[in-house]
Amino acid sequence: MPFHYHKRITLIPKVLHLHIGRHGWSWTLGNRRAHITGDRHGRRTTAIRLPGGFTWRRRSRR
């Protein structure tokens, strides 16, 4: 049976979070409506929630 581990640490409430898992770490800057996420490989994802249930998402690499 595989084990999963995930821990979310709040560095600045409602703004900056650090996510630690079994395969690495990532960070999130922003809120639920608009945020930027980066991981240990340098990949960044920008996401914005739009009215009507739509989401705009863009992935980039450093």
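How big is the charge dipole of the chain about its Cα centre, in debye rounded to the nearest 20, if each Lys and Arg gets +1 on its Cβ and each Asp and Glu gets -1 on its Cβ?
180
Divide, for the chain, the radius of gyration over alpha carbons by 2.2 N^0.38 Å, where N is the residue count.
1.25
Normalising by the residue count of the chain, find the relative contact order in percent from Cα pairs under 8 Å and 6+ residues apart.
RCO, the chain: 19 percent.
At a 1.4 Å probe radius, carbon and sulfur cover how many percent of the accessible area of the chain?
That fraction is 58 percent.
What is the gain in length, in nm to one decimal, between Trp56 and Thr10 on full extension, counting 0.36 nm per residue of separation less the C-alpha to C-alpha distance?
Additional length available on full extension: 14.1 nm.
The values are calculated or read from the model by the stated rules, or taken from the named source; none is laboratory data. Predicted model, so just to flag it, every value in this text is computed and none were measured. Heads up, the Cβs are rebuilt from the backbone with ideal geometry, glycines too, and the neighbour counts pull from every protein chain shown. Side chains included, ligands, DNA and RNA excluded: accessible areas come from the protein's heavy atoms. Shrake-Rupley method; radii C 1.70, N 1.55, O 1.52, S 1.80 Å.
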